[in-house]
Amino acid sequence: MSPPSPSFVNIDHPHAVPAEAALAALASDACGLSTAEAARRLETVGPNRLPEAAKDGALKRFLRHFNDVLIYVLLGAAGITALLGHWIDTGVILGVVVINAIIGFIQEGKAEQALEGIRKMLSLHAQACRDGRWSAIDADALVPGDIVRLRSGDRVPADLRLIEATSLRIEESALTGESVPADKGTDAVAADAGVGDRSGMAFSGTLVAAGRGIGVVVATGGDTELGRINRLIAEVQTLQTPLTRQMAQFSKLLSVAIVALALLMLAVGLKVHDFPLAEVFLAAIGFAVAAIPEGLPAILTITLALGVQRMAQRNAITRKLTAVEALGSVTVICSDKTGTLTRNEMTVRHVLTRGGFYEVSGTGYRPEGEITLEGKVASLANHGHLHALIEVVAVANDTHVAEEDGQWKVTGEPTEGALRTLAHKAGFDAEAHERHASIPFESANKFMATLNTVPGGTRRILLKGAPDRLLDRCRQELGTGGECEPLERAFWEGQIEALSAEGLRVLAAATREVARDKDDLALEDLEEDMVFLGLIGIIDPPRPEAIDAIRSCHTAGIRVKMITGDHAGTARAIGIEMGLGTAESLKVITGAEIEAASDAQLQDIAHDCDIFARTSPEHKLRLVKALQARGEVVAMTGDGVNDAPALKRADVGVAMGIKGTEATKEAAEIVLADDNFSTIERAVEEGRTIYDNLRKAILFILPTNGAQGLVMLAAVVFGLTLPLTPVQILWVNMVVAVTLALALAFEPAEPGVMQRPPRKPGAPIMDGGMLWRVGFVSLLIGGATILSFEYSLLQGMELHAARTMAVNTLVIAQAWYLFNSRFLTASSLAPSRLFTNPAAQVSVLILALLQLGFVYLPVMNIWFGTTPLPLRDWLMPIAVGAAVFLVIEAEKAWLRARRR
């Protein structure tokens, strides 16, 4: 037992020092610490748990949704209406603001909850040696120097330097991205070895897949690898989405323009026309109310919320509204390999015997697929070589594959699960083989052997494992004719090299008959005279639908990059199969190369290369930052805790819902319910559609404000009676926005939406063509409204009636313009296009009912200063609206002709 009060030091690279040196540095030994010493160390280093960051309260998180330029515009409009004493309008606008905040509050998930997800990965209990005795203690109480025992199924409670390992294999895919459990031993490795190559370490939060081991605790809590990732997540700064950046810039420009023109109105009214100050001030406020698009933030939020619902129907669950649109603007998708592009289910792809080269169809653990030779189904009855090999890999196997809740799951080793599935596909029954003895897999031997009685009463040794180890133990092979022949080692080594070059994990099988009375099995029984049967190539296969999705992304001008913790050879093979490059052109960058590159160099590397292997969480984070520094809009997908920091930093983080860790889901903005990369491609299409619909809504709403602003501005500049009052302007703004503009949120995707390149990241939301359209339509509708008002006065109408005519003209012209806006450049005259969105017809009908109430209901006449009109007075506004529709269609045709 260690002395009562030793001094110990932290080890910078525990994986690089011998186990004895680690024990000495930690002032510990194989008997562990005393209870008193462990208590002293606990006071020094603190409990073995991740530190919790200070959390914002619900009220603060709710109020954050008011911190937006668009909301400031709405609050300004509410303030103006309150100053005018129009409390109903103030209430309506404030109601829109509050509803907007509530929707955002409900939809958004805090990315910082990723820390909670990581905490859930930590073990609750540990088997530790204290005072020379093994006992179960709370994992929180572990300290550096504690001796901990690991068994199959345990979750590792802290970072351990292994001092004993027997057939120990640990599932580290959530931490490293490797698709198979890592073999563990006690040897030291190089100081610069990556996490996935530190074979002498067991990391906190990983799962023991097989074997047993003992290790000394070298790091706890925030000092572990999980703790380091925890700090990375906490330190990562999230970026605004392209839409929020563009809308913020647009709102600022619009605010400046409105204030400038309002001041111009004041100056003209006072200096040129010598109007009373109160009257000019009221006109300027009316102009500001007219020009502010009060309904735009509400339409923006509702359009995104509808997009969220459509995304959910496509298995993409959105935790942040703006992420829907941001996904539509991505230029690069960085994807993890294991579990995202691939299934994270090991699958036999090839079987090679002297009888032929067999292909195996089907993916994952679901026993569906065929074994074929030269395109023909191979049955075990007619293929003795295949039968002999499958017998070995199915019987010398301790793993089970079964269906649970519609999913086929493996209990045990993933690689052995693939072999079990192969046996199911071949129709082989392993239950008829009685086992008498076995030699379990150990890292030192890299094989497993069993002694079985096979049907017919013969006893055989069945041996499977690493090809080089089996070749050393074989003198013969099963020849083409089914007879034993001398082993041709050079042939098999060439085949092993060829299969490995495809990124396959290669296993071999061998057998020999023994006496019927043999009941035990020792390593000496495997030393010679084994008969080599053949090879099996295993891979974590690409998702077939992901290959098609990547092709669609390339067509849409989106680059796909694979960033994985797996080996370079495997990553390269998968990358070629996924269509990320050809064998001649594809270059794989390793984590070591990323580590050595400066930030400037990494920007070039990240731009030029599409596959990155043996990467750590820091490498993934640096790659995302490097791409963003080049102006790219980056989506990052992943399922492991090692992906969480990069997911949080990316413009859009996408997590896997089924196999993803809680940490990854909480760091992401979008969670895929089906873990399918192709869902991302469909979500990108939805995001592009939403952006198009937002532009259509803006292109529709702004001419409403432009026309009203023009009416107010022209009235002051030319000394005319105001055709509209501020409260009437608010009616038009809110009603038109709520009814007509909302219909545009339901527009289907434009033709060829995934055949065009992504929009430029820095491009404004309104281009020159849109500005021209807004100005042209504002002038058209505003001019028609003024002419309608002045004509009504000339016809002897009283002021209230003339203003009612002006409002009707404005609203009906906007209703006609809705059908122009449904297609940005294409003609809206074709009947097949006019009726593709039923929401447009419904919204016009609702608007008509509201406008009838506006004109004929006495309470509305009192609130808005309107008066009932005879039916004949509706003819002119309808005719003006139809004329506006035809003129704008002519303008669109002229623009199309100019482009041609």
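The values are calculated or read from the model by the stated rules, or taken from the named source; none is laboratory data. If you're wondering where the values come from, they're calculated on a predicted model, not measured in any experiment. Every residue, glycine among them, receives a Cβ derived from its backbone with ideal geometry; neighbour counts consider all protein chains shown. Areas reflect the complete protein model, heavy atoms only, side chains present, ligands, DNA and RNA absent. Shrake-Rupley method; radii C 1.70, N 1.55, O 1.52, S 1.80 Å.
Kindly give Rg over Rh for the chain, based on alpha-carbon atoms, with the Kirkwood expression for the hydrodynamic radius. Expressed as Rg/Rh, it is 1.11. Put the Cα centre of region 366-436 next to the Cα centre of region 720-798 and the gap is 67 Å. Express as a percent, rounded to the nearest 5, the fraction of DSSP beta bridges in the chain (both residues included) that run antiparallel. If we restrict to bridges inside the chain, about 75 percent are antiparallel.
Scanning residues 5 or more positions from A437 or on other chains, those with amide H under 5 Å from its amide H are L451, with H placed 1.01 Å from N in the peptide plane. Close amide-amide hydrogen proximity is noted between T347 and I539, D540, each under 5 Å apart and 5 or more residues distant or on a separate chain (H modeled in the peptide plane; Pro and chain starts excluded). Residue by residue, region 788-795 carries 3J(HN,Hα) couplings of 4, 5, 5, 5, 5, 5, 5, 7 Hz when phi is fed to the Karplus relation 6.51 cos²θ - 1.76 cosθ + 1.60 (θ = phi - 60°); x denotes Gly or Pro.
Geometric descriptor of region 617-673, per residue, is 51 Å³ (volume of the convex hull of the Cα atoms).
Show me 197-208, 439-450 ranked by packing, highest mean number of other Cβ atoms within 10 Å first.
Values: 197-208: 23.3, 439-450: 18.9.
Answer by packing, highest mean first, reads 197-208, 439-450.
In a shell of Cβ-Cβ distance under 11 Å around L463, excluding L463 itself, what net charge do Lys and Arg (+1) and Asp and Glu (-1) give?
Numbers: positive: R460, K464, R469, R473, R512; negative: D525.
Summing Lys and Arg as +1 and Asp and Glu as -1 gives +4.
In the context of the full set of protein chains, residues of region 465-506 present 54 Å² of accessible surface per residue (probe radius 1.4 Å, heavy atoms only). Distances between placed amide hydrogens fall under 5 Å for G534 paired with A509, all partners being 5 or more residues away or on another chain.
Against the empirical 2.2 N^0.38 Å scaling, what ratio does the C-alpha Rg of region 640-750 come to? Walk me through the numbers on the way to the answer.
Working: Rg = 22.4 Å, N = 111, 2.2 N^0.38 = 13.2 Å.
So region 640-750 has a normalised radius of gyration of 1.70.
With the whole protein complex present, R349 retains an accessible surface near 50 Å², based on a 1.4 Å probe.
Whenever you get a sec, line up L463, L780 from highest to lowest accessible area (probe 1.4 Å, protein heavy atoms).
On the way: L463 0, L780 50 Å².
From most exposed to least exposed: L780, L463.
Once you have a ≥ b ≥ c as the square roots of the Cα gyration tensor eigenvalues for region 519-666, tell me rounded if a/c is under 1.5, and otherwise prolate or oblate according to whether a/b is larger than b/c. Prolate shape, in that a/c is at least 1.5 and a/b is the bigger ratio.
Rg then Dmax, both in Å and based on the Cα atoms of region 394-443: 11.8, 35.
Rolling a 1.4 Å probe over the protein heavy atoms gives region 668-734 an accessible area of 18 Å² per residue. Note that region 324-414 shows a convex hull volume over its alpha carbon atoms of 168 Å³ per residue. Sorting the segments 606-615, 619-628 by their mean number of nearby beta carbons within 10 angstrom, highest to lowest, gives 619-628, 606-615.
Can you work out D for region 675-832 in µm² s⁻¹ from Stokes-Einstein, where Rh is the Kirkwood radius over C-alpha pairs, the temperature is 37 °C and the viscosity is 0.692 mPa s? Estimated diffusion coefficient is 189 µm²/s.
Here the Karplus relation 6.51 cos²θ - 1.76 cosθ + 1.60, evaluated at θ = phi - 60°, turns the backbone of region 621-637 into coupling constants of 5, 5, 5, 4, 4, 5, 5, 5, 5, 8, x, 7, 9, 10, 9, 10, 10 Hz, with x for every Gly and Pro. Over every Cα atom in region 673-721, the radius of gyration and the widest Cα-Cα span, Dmax, amount to 20.7, 65 Å. Computed over Cα pairs, the Kirkwood radius of region 160-205 leads via Stokes-Einstein (1.567 mPa s, 4 °C) to a diffusion coefficient of 120 µm² per second.
Roughly how many debye, to the nearest 20, is the charge dipole of the chain about its Cα centre, given +1 on each Lys and Arg Cβ, -1 on each Asp and Glu Cβ, and no other charges? Display every interim value, and only then the final one.
Numbers: 83 positive and 102 negative charges, 735 e Å.
That gives a dipole near 3540 debye.
A simple rule links phi to the HN-Hα coupling: the Karplus curve 6.51 cos²θ - 1.76 cosθ + 1.60 with θ = phi - 60°, which for region 856-872 gives 10, 7, x, 5, 5, 4, 6, 5, 10, x, 10, 8, x, 10, x, 4, 5 Hz, with x for Gly and Pro. Sort region 337-466 into rounded, prolate or oblate with this rule: let a ≥ b ≥ c be the square roots of the eigenvalues of the Cα gyration tensor; rounded if a/c is under 1.5, and if a/c is not under 1.5, prolate when a/b is larger than b/c, oblate otherwise. Here region 337-466 falls in the oblate category. Taking the protein heavy atoms of region 327-377 in the context of the full set of protein chains, the accessible area attributed to carbon and sulfur is 44 percent at 1.4 Å. For region 255-394, the equivalent ellipsoid derived from the Cα gyration tensor has semi-axes of 76, 13, 10 Å, listed largest first. The GluC sites (Glu not before Pro) of region 511-599 that meet both conditions, a loop assignment by DSSP and at most 15 other Cβ atoms within 10 Å of the site Cβ, are E527, E528, E584.
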